[in-house]
Amino acid sequence: MVSTKRRMIAVAVLVCGFAVGMAGLLNYFKYRSTELRLVKERLLVTGRSIENGIQSALALGLQFGDIGTLPGTLERERATDDLILSIDVFGTDGRLLYSTDRLRTARPVPAEWMVAAKSDHKDWFVEAGNESAAGMAIENNFGLAIGHVALRYSYERVEDSVHAVGRQLALASLAIFTVAAGLSSLALLGVMRRLSRDVAQAEAALGSGEPGRVSHARGPFGQMLKQFTETVRRAEDQIADARA
């Protein structure tokens, strides 16, 4: 019975650990996907605001590379979100036209950006460390892409935020597992203790051979033992009558 108790407690602890662990993992991955989606949507909102400003300038007859108010607009939009490292505007040929980071004006546009910008989607995303970006195509009145605006952000910073929440979920899951395992073990011990007492009463009644003791046995085992004894007694009487 002692080994049975240990095995039952081990099973209960494993079940609690599996349930709490799976719940924690599901919550972590759900939060991670939601966080990344919200970050991308937040960047796209800023990108659309810049795109609207460029479209307004183009409607006035200005050339795409000669919009004098665009650098100030980019600086203001970048200051509204501390997640944004820089905002770059480049043409379809890969030539960088505007950037809030002056050091990047002499650098070529990352190859990952060009591959994503040439896709069929107007909005595109690149996850490449500090070169991660959310971008969108800038179209003219005829629906042709004449350039792209890219909002560069730090993917590691987003991942660090997600990992911080993951650590909090892990600690909370550990606390819940400890409480759940303790309560389930105590409940199981109570059930096993009552079961052991009923089994002990049944064994004592069978060992003594006293019908009265059997009839006064308590618990579910006592009732079952009483019915079994009565059935055996009736069977013995029937056999005795048949022999007579």
Express the C-alpha Rg of region 1-105 as a ratio against the empirical globular expectation 2.2 N^0.38 Å, rounded to two decimals. 2.04
How big, in percent, is the set of alpha carbon pairs in the chain lying more than 24 Å apart? 66 percent
Toward the positive end of the charge dipole of the chain, about the Cα centre and with charges on Cβ (Lys, Arg +1; Asp, Glu -1), which of 196, 87, 59 goes farthest? 196
Calculate how large, on average over all directions, the projected area of the Cα convex hull of region 24-65 is; give the answer in nm² to one decimal. 3.3 nm²
Given all pairs of distinct Cα atoms, region 61-188 yields a Kirkwood Rh in Å of 17.4 Å
In square angstrom, rounded to the nearest 10, how much accessible surface does residue 58 have for a 1.4 Å probe? 40 Å²
Degrees separating the helix 219-243 axis from the principal Cα axis of the chain, which is the longest one: 40 degrees
Ordering 118, 40 by the accessible surface of their heavy atoms, 1.4 Å probe, largest first, yields 118, 40
At a Förster distance of 45 Å, what's the computed FRET efficiency of residue 56 paired with residue 174, Cβ-Cβ distance as r, to 0.05? 0.25
Hey, what's the chain come to in accessible area per residue, 1.4 Å probe, Å²? 62 Å²
Pairwise label distance in nanometres, residue 241 with residue 105, each label 7 Å out on the Cα-Cβ vector: 11.4 nm
Can you give the relative contact order of region 93-201 as a percent, counting alpha carbon pairs under 8 Å and 6+ residues apart? 13 percent
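The values are calculated or read from the model by the stated rules, or taken from the named source; none is laboratory data. Fair warning: this is a prediction, and the values are worked out from it, not measured in the lab. In this analysis, Cβ positions are derived from the backbone assuming ideal geometry, glycine residues included, and neighbour counts consider all displayed protein chains. Surface areas here come from the heavy atoms of the whole protein model, side chains and all, with no ligands, DNA or RNA. Shrake-Rupley method; radii C 1.70, N 1.55, O 1.52, S 1.80 Å.
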